[in-house]
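Visitor: Dumping the structure here so I can ask a few things about it.
The values are calculated or read from the model by the stated rules, or taken from the named source; none is laboratory data. Remember, it's a predicted structure, so these values are computed and weren't measured experimentally. Cβ: placed from backbone, ideal geometry, glycine included. Neighbour counts: every protein chain shown.
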Amino acid sequence: MSPRPPRRRTVEAIILRLWDVGEADRMLSLYSREEGKGRALAKGVRRAVSRRAGHLQPLNRVRLLLAHARQAPIVAQAETVEAFPSLRQDVTRYAYATHLAELVERFVWEGEHYPGLFTALRDALYGVATAAQPDWPVRHFELHLLRLVGFQPELQHCTVCGARIQPQDQFFSPAHGGVVCPRCRSQAPNARPVTMRSLKFLRHLQRSPWRVARQVVPPAAVRRDIEGLLQAYLTFVLEHPLRGVRVQQQLRNETRQK
Ligand SMILES: [Zn+2]
């Protein structure tokens, strides 16, 4: 049993999703710097006079005073830290930002707290709000989220034979969790081709913090290639949320890193 949380505490959080509860309340799904993924109940915010309602919008970065309650903590005070106005004026950017929130909703369980995830999400939202190519911070976030939750794709060694990947076009298998070399391709029937150029950008994205990754943005064709590959992998992982897969992959990554 974890110790009971204090009666009142302040958290800095990003609002992932809200839904109506009862006659005038809203439940918030949050990812906070202090506590990770959680929920909070905002009472009375659907009433016209509510002063907290404006702060409690999806994708807002907020500071909340939470009061302990038996089921979900209650939002006693709310203050906007960053509302990302440029996201709300641009349909494409807003769609990318919503996708980031959805990824955290789907990959992170309530009560899970990954060090670095709050900062990664905040940076990705800033990136989507301001970057000339807002899809690039999304790809960076996808790779880093995958690493944090234990599904980092293997990009250096063939996931079938273990050989170091040679500088030539390769294949990527969502089911194997990484690259498959041309010799092993027949053993990974659902693998998709990936050019060496795209693979190099993927590796760069995977090992770099956002401040480095944002400095070199590949052309649209490479970005589309990487997007397709990551979509296939994210979909596979979400449809096969078996703990066994996760553990196997962690072991494989650890072995490779030695
Ligand atoms: Zn191989």
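Visitor: How many residues does segment 167-183 contain that are near the ligand (Cβ under 10 Å from one of its atoms), under 13 Å from Leu199 (Cβ atoms) and surrounded by fewer than 20 Cβ atoms within 10 Å (Cβ to Cβ)?
Guide: Total satisfying the criteria: 1.
Visitor: Among (1) within 11 Å of the ligand (Cβ to nearest atom); (2) assigned to a loop (DSSP other than H, G, I, E, B); (3) hydrophobic (A, V, I, L, M, F, W, C); (4) surrounded by 15 or more Cβ atoms within 10 Å (Cβ to Cβ), where does Cys161 come up short?
Guide: (4)
The rows are residues; the columns are (1) in contact (Cβ under 8 Å) with a residue 40 or more places away in the chain; (2) assigned to a helix (DSSP H, G or I); (3) within 11 Å of the ligand (Cβ to nearest atom).
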{"residue": "Arg185", "(1), (2), (3)": "no, yes, yes"}
{"residue": "Pro189", "(1), (2), (3)": "no, no, no"}
{"residue": "Gln206", "(1), (2), (3)": "yes, yes, no"}
{"residue": "Val217", "(1), (2), (3)": "yes, no, no"}
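Visitor: Right, next: It is to be established whether one or more residues within segment 152-164 are out of contact with any strand residue (DSSP E or B) (no Cβ under 8 Å at 6 or more places or on another chain), touching a residue at least 40 places away in the same chain (Cβ under 8 Å) and closer than 21 Å to Trp136 by Cβ.
Guide: Yes, there is a match, as at least one residue in segment 152-164 is out of contact with any strand residue (DSSP E or B) (no Cβ under 8 Å at 6 or more places or on another chain), touching a residue at least 40 places away in the same chain (Cβ under 8 Å) and closer than 21 Å to Trp136 by Cβ.
Visitor: Still on this model: Please determine whether any residue of segment 123-142 is over 19 Å from Ala24 (Cβ atoms) and of a type in the set (Ser, Thr, Tyr).
Guide: Yes, segment 123-142 contains a residue that is over 19 Å from Ala24 (Cβ atoms) and of a type in the set (Ser, Thr, Tyr).
Visitor: Is it true that some residue in segment 139-153 is within 16 Å of the ligand (Cβ to nearest atom) and under 27 Å from Gly177 (Cα atoms)?
Guide: Within segment 139-153, one or more residues are within 16 Å of the ligand (Cβ to nearest atom) and under 27 Å from Gly177 (Cα atoms).
Visitor: Take the conditions more than 14 Å from Arg8 (Cα to Cα), surrounded by fewer than 20 Cβ atoms within 10 Å (Cβ to Cβ) and assigned by TED's automatic domain parsing to the domain that holds Ala13 and apply them to Arg63. Does it pass? Break it down into steps so the answer makes sense when it comes.
Guide: Values: more than 14 Å from Arg8 (Cα to Cα): no; surrounded by fewer than 20 Cβ atoms within 10 Å (Cβ to Cβ): yes; assigned by TED's automatic domain parsing to the domain that holds Ala13: yes.
Against the criterion (more than 14 Å from Arg8 (Cα to Cα), surrounded by fewer than 20 Cβ atoms within 10 Å (Cβ to Cβ) and assigned by TED's automatic domain parsing to the domain that holds Ala13), Arg63 does not qualify.
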